[in-house]
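The structure appears below as structure tokens.
Just so you know, all these numbers are worked out from the coordinates, no wet-lab data involved. What you see is a predicted model, and the numbers here were worked out from it, not measured in a lab. Because the Cβ atoms are built from the backbone with ideal geometry, glycine has one as well, and the counts that use them run over all protein chains shown.
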Amino acid sequence: MQPMPGAADSRAELIRVLRAACSGELAAGFAYRGHWKSLPDGVERDRIRIIEAEEWHHRELVLRMLDDLGAARSRRRDAIFWLIGKSIGILCHLGGWFVPMYGAGRLERWNIQEYEDAARFAEEAKLAERVDCLLTMAEVEWEHEKFFREAIRHHWMRRFFPQWDPPPAKETIRAPFARLFVNESLAVTE
Ligand SMILES: [Fe+2]
Ligand SMILES: [Fe+2]
């Protein structure tokens with residue numbers, strides 16, 4: 001069956017968002033590598049090291065999804081974001097404690113939205129089987145944003161840097177898609 005024009009548009013939008021996310025994860029991976037290496041041993045260093053691993057895992061998932069959709073990553077965009085990630089990773093060694101934490105929190109706030117958008121486009125494109133994976137990535141980004149926001153909360157430099165809009169409760173990520181998962185569980189038990 002030919003997809004409806006709306007579904008085709010949503011598929012194109014999904015691919016556009018996934019390409020952007022793919023490059024963003026590359027930059028994030030290298031930036032966090034520089035970030036945790038710039039920190040002394042301790043809980044924060046360990047947590048950001050785990051966050052780095054989670055970003056590489058996201059990139060793998062996104063690459064696989066693009067491949068399944070018959071689309072390729074943007075190599076040009078990857079090259080630009082490679083440079084951005086590497087540069088941020090180096091700057092983390094020079095920028096002190098606060099700026100990398102603040103910048104990471106702002107970017108993570110964006111990343112949550114990016115995967116929520118991708119999940120919406122996937123559903124509209126009749127690719128509901130992709131939604132769970134995309135929402136799980138949004139939930140992981142939600143945890144990242146929370147970590148950075150809480151880390152800087154009481155820092156004296158906060159007064160010079162505006163607080164970004166914190167995301168709503170984590171449950172709101174999956175709530176708009178709840179019917180998909182109800183149907184899924186029914187399908188399994190039938
Ligand atoms: Fe990520
Ligand atoms: Fe993240």
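Place a +1 charge on the Cβ of each Lys and Arg in the chain and a -1 charge on the Cβ of each Asp and Glu, then give the dipole magnitude about the Cα centre in debye, rounded to the nearest 20. Walk me through the intermediate numbers first.
Numbers: 28 positive and 30 negative charges, 176 e Å.
Around 840 debye, computed over the chain.
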Just to confirm a number: summing +1 for Lys and Arg and -1 for Asp and Glu over residues other than Ala125 whose beta-carbon lies under 9 angstrom from that of Ala125, what do you get? -1
Please provide three numbers in whole Å: the alpha-carbon extents of region 1-118 along the principal axes, with the largest listed first. 57, 25, 19
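I'd like to compare 19-29, 127-137, 36-46: which one has the highest average count of other Cβ atoms within 10 Å, and what's the full order after that?
Details: 19-29: 23.2, 127-137: 19.4, 36-46: 13.3.
Highest to lowest by the protection proxy: 19-29, 127-137, 36-46.
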Computed on Cα atoms, the radius of gyration and Dmax of region 36-83 in angstrom are 14.5, 43
Percent relative contact order of the chain, based on C-alpha pairs within less than 8 angstrom and at least six residues apart? 25
Principal-axis tilt of helix 75-91 within the chain, Cα atoms, nearest 10 degrees: 30
Gaussian network model of the chain, springs between alpha carbon atoms under 10 Å - residue of Asp117, Asp68, Asp78 with greatest fluctuation: Asp68
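Dipole magnitude of region 66-129 about its Cα centre, charges +1 at Lys/Arg Cβ and -1 at Asp/Glu Cβ only, in debye to the nearest 20? Intermediate results must be reported in sequence, preceding the final value.
Details: 9 positive and 10 negative charges, 97 e Å.
Charge dipole of region 66-129: 460 debye, to the nearest 20.
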Between region 112-160 and region 51-95, what's the alpha-carbon centroid distance in Å? 16
Residue with peak Gaussian network fluctuation, the chain [Cα springs, cutoff 10 Å], from Pro167, Pro176, Pro100: Pro176
Spin-label pair Glu171/Leu94, simplified geometry with 7 Å Cα→Cβ offset, distance in nm: 4.7
When the chain is treated as a GNM, springs tying every alpha-carbon pair under 10 Å, which of Leu14, Leu94, Leu83 comes out with the largest mean-square fluctuation? Leu94
Taking a ≥ b ≥ c as the square roots of the Cα gyration tensor eigenvalues, with a/c under 1.5 meaning rounded and otherwise prolate when a/b beats b/c or oblate if not, region 68-182 comes out oblate
